[in-house]
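Every number here is computed from the coordinates shown, using simple stated rules; none is lab data. Keep in mind that what you see is a predicted model, and the values were worked out from it rather than measured. Here Cβ is always computed from backbone atoms with ideal geometry, including for glycine, and neighbour counts include all displayed protein chains.
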Amino acid sequence: MESKYLATSKSDAGGPSPVKFSIKRKFDALGNSPVLEKKPHVVPQIKQKIAPILLTSKRTSIEQHQRSLPVFNCRQRILKELEQNDTVLIMSETGSGKTTQIPQFLLQAGYAMNGMIGITQPRRVAAITIARRVAQELSGNIGDTVGYTVRFEDATSKATKIRFLTDGVLLRESIKDRLLTKYSVIILDEAHERTVNADLLFGIVKDAQKERRKKNLGKLKVVVTSATMDIDHFGKYFNCKGMYLEGRTYPVRVMHTKEEHEDYVHTVLVTLFHIHRTTPRNHDVLIFLTGQEEIESLAQQIRQLAKMDMSGTTDLRVFTLYAQLSQGKQLECFVPTPANVRKVILATNIAETSITIPGIRCVIDCGFVKEKSFNTADGLDVLKSVRISKAQAWQRTGRAGRDADGTCYRAYTKREMDSFADATQPEILRTNPTSMVLQLLALDIDCNNFDFLDAPLEEGLRSAYKSLEALGAIKVGAVSYITPLGRQMVQYPLDPKYSKLLLTASSFGCMEEILSLVSVLSSDHVFVSNSDKNEMAALAHAKFQSKHGDHLTLLNVFNAFSKTEKPKMWCHDNYLNLRSLTYARNVRRQLTEISERLHLALNSSDDIEMLKKCILNGFFENIAVLQRDGFYMTVSGNIRAKIHPSSVLHGKYKPSYILFTEIVQTEQTFLRQVTEISIEWIQEIVPFVKNIPSR
Ligand code: ADP
Ligand code: MG
């Protein structure tokens, strides 16, 4: 293999020219190093000191930074547009200062005198990091003038004027207050992301604006901002003009691989070390990957390789950025490294448009993204890695040209890219609409009468209505409506299945257990596995194992965690994730509060059969049956899958009937978090579930 990449360039699309570097040399230098072997599910235990978060510590530098941002020169224009119109659409390149600066402009212009300035974000990480940044720019503490509210966490106070919140949180607020009376301005940020929640908010905010005008309740100004946006589509919907703010970007040289490569993680790794050998150390690298496990495993490999590299260990520092990461860790990647140390950030698509890290000169794009999508026939959401769209590829490329000329290495060929879709499909067209239908019905809105930017597919809606009716959340008819149970369900910020589980748990006598279980399921990756110590980790984890399956195993972990007096040490000794378990404890506290408000009996039981029946009662749509060939078949949708290797039920003994929490699709399809059940229980607890083959 001589040269792996072909270059094409943004400005010079006319004919690719080969890049002169030899991957072969790289491999030779590494030899048959065992660290090049793929080692999935590795979570590194490297401790790094949390350095100060500020990009610059002095006030003047902050002002300089603000002035250098493209939106700074458009301040007057934005304010004038908003004065003359109720809704303004703003489009500009990522990193121009939309999210951090516009709320400050509005604050200074007096928009927060009668109500807050709310800024919605599709992701909680972005809401938190950006709120912190803006608080710093305004020399304040988080929770004072600037605050944030994300699911299960509220960092705002009476003094808060600028409030960052996830679109899910604002949507839930709208159930209680349809006119959004707390707000004078709502900025619907990252509109191009088109999450289901954002799509619903578009309609709700538009309606609130109209109603407030009618009732003379004080204007609601709306700013819709986006990095790439179909201005016409949004313009027609909001009945307003779009504003395009000229950004500042530098040329980015684009390279594609010459050949198709199956193992993109490997391609990424080799490319990184090529960059490391051939470019100055102050050129930081941003790598786009699909998810936490992949990121942590590659981070580990890079750190090990860097140690072996002749050039020493101190010239490359690896950072990771993904949704489940703790706040401290997320902010670490903003801290500049010394000029002779290269910063390498491994991120999910969160770094595509939501979060901009300064100093990036090289981007490596794996070409995939993890996406939820669902099959209308079965109603199940599946999380899988899919090809990014062309628009996403260009967004990723753009990250290399924020501060100076850059290079983007695409771990896919030009031909492969030609087959990518032009733009990502809005989430509303590809995910299960069950939660959405319920939330709208809680607002007394029937989907059929809602002003959608893009209406979800009929078939999906039909299956959502059916599934909600089976859960007892709604009554379907000429006019469908939400039942009292459904109204209780929307009190929990959870998927309807989980809410149902909580609402019925006291009648099974196991509310305390279900509260713990749902909390720990809401948190991610409780078990830590470390490549060097896999056996020890497995040994430590074994004592929590329940033969009934993963749900009871997780419950054992959580119960033991709740009892320990030294959680940090205990988690370390047991190879458990302290942050995930602490998060779960926090979630549990909040779910308990809601349950108390709903006057549910907080009873407890050690009857495992009852507990499993209770889980079945909420998760009846997630039953799978063992087939002759050792695969499982899901009852809704007939998906063939195996039990995930991380499950305690993975192995020789295969129960005939199982419940699962999640379907994960990589090269294979897996059922994650499974529990054994029996056919008799299905007949007893959820007799309406048909087509279960007896064995
Ligand atoms: P946009 O919303 O237009 O994409 P942002 O307002 O998010 O842009 O970012 C503007 C600038 O602020 C970017 O150049 C980014 O690097 C910088 N920035 C944002 N957050 C931080 C942070 N936490 N620390 C340092 N710099 C930051
Ligand atoms: Mg932004």
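Things to note:
- Long pairs among Lys182/Lys475; Lys612/Lys654; Lys214/Lys236; Lys307/Lys568, criterion Cα-Cα beyond 24 Å: Lys182/Lys475; Lys307/Lys568
- Every helix of 4 or more DSSP H residues in the chain counts as -39500 (n - 2.57), and over all residues that averages to -11500 deg cm²/dmol at 222 nm.
- Applied to the stretch 128-143, the Karplus parametrisation 6.51 cos²θ - 1.76 cosθ + 1.60 on θ = phi - 60° returns per-residue 3J(HN,Hα) values of 6, 5, 6, 4, 4, 4, 5, 4, 5, 4, 8, 6, x, 9, 5, x Hz, with x for Gly and Pro.
- Charge tally for Ile175 (other residues, Cβ to Cβ under 11 Å; Lys, Arg +1; Asp, Glu -1): +1.
- Contour minus Cα-Cα distance for Glu63 and Glu459 (0.36 nm per residue): 137.3 nm
- The spacing between the stretch 634-695 and the stretch 152-197, judged by their C-alpha centroids, is 38 Å.
- Hydrodynamic radius of the chain per Kirkwood, over alpha carbon pairs, in Å: 26.9 Å
- Between amide H atoms placed 1.01 Å from N, distances below 5 Å from Val254 occur with Thr8, Ser9, Lys10, Cys408, all of them 5 or more places distant or on a separate chain.
- Computed from the C-alpha gyration tensor, the three semi-axes of the ellipsoid equivalent to the stretch 223-277 are 39, 16, 10 Å, from longest to shortest.
- Evaluated at q = 0.14, 0.17, 0.24 Å⁻¹, the base-10 log of the normalised Debye intensity for the stretch 534-587, with identical point scatterers placed on the Cα atoms, takes the values -0.34, -0.51, -0.98.
- Binning all Cα-Cα separations of the stretch 31-245 at 10 Å, short to long from zero, yields these whole-percent fractions: 8, 32, 34, 14, 7, 3, 1, 0.
- Kirkwood analysis of the stretch 425-495, using all unique Cα-Cα pairs, places the hydrodynamic radius at 12.2 Å.
- Amide H to amide H, with H built 1.01 Å from N, Ile345 comes under 5 Å of Val285, Leu286, Ile287, Phe319, counting only residues 5 or more places away or on other chains.
- Karplus (6.51, -1.76, 1.60) ³J(HN,Hα), θ = phi - 60°, over the stretch 144-150, in Hz, Gly and Pro reported as x: 8, 4, 10, x, 9, 9, 10
- Antiparallel DSSP beta bridges within the chain, as percent of all bridges there, nearest 5: 40 percent
- Cα extents of the stretch 529-661 along the three principal axes, largest first (Å): 48, 47, 24
- For Thr149, residues with placed amide H under 5 Å, excluding near neighbours: Ala155, Phe164, Leu165, Thr166
- Among the listed pairs Lys343/Lys370; Lys370/Lys642; Lys158/Lys372, those whose Cα-Cα separation exceeds 30 Å are Lys158/Lys372.
- Inter-centroid distance (Cα atoms) of the stretch 557-614 relative to the stretch 276-311, Å: 36 Å
- Charge sum, other residues only, whose C-beta stays under 14 Å from Asp454's C-beta, Lys/Arg counted +1 and Asp/Glu -1: -4
- Karplus 3J(HN,Hα) series, Hz, for the stretch 615-630 with 6.51 cos²θ - 1.76 cosθ + 1.60 (x for Gly, Pro): 4, 4, 4, x, 10, 4, 7, 10, 9, 9, 10, 5, 9, 4, 7, x
- Among residues other than Ile482 with Cβ under 14 Å from its Cβ, the summed charge is 0 (Lys and Arg +1, Asp and Glu -1).
- Among 514-522, 175-183, sorting by the average number of other beta carbon atoms lying within 10 angstrom of each residue, highest first, gives 514-522, 175-183.
- For the stretch 488-551, the fraction of alpha-carbon pairs in successive 5 Å shells from zero, as %: 3, 15, 19, 20, 14, 10, 9, 6, 3, 0
- Solvent-free Debye scattering, log10 I(q)/I(0), computed from the Cα coordinates of the stretch 619-695 at q = 0.12, 0.14, 0.15 Å⁻¹: -0.28, -0.39, -0.45
- DSSP bridge pairs, the stretch 86-165: antiparallel proportion in percent, nearest 5: 25 percent
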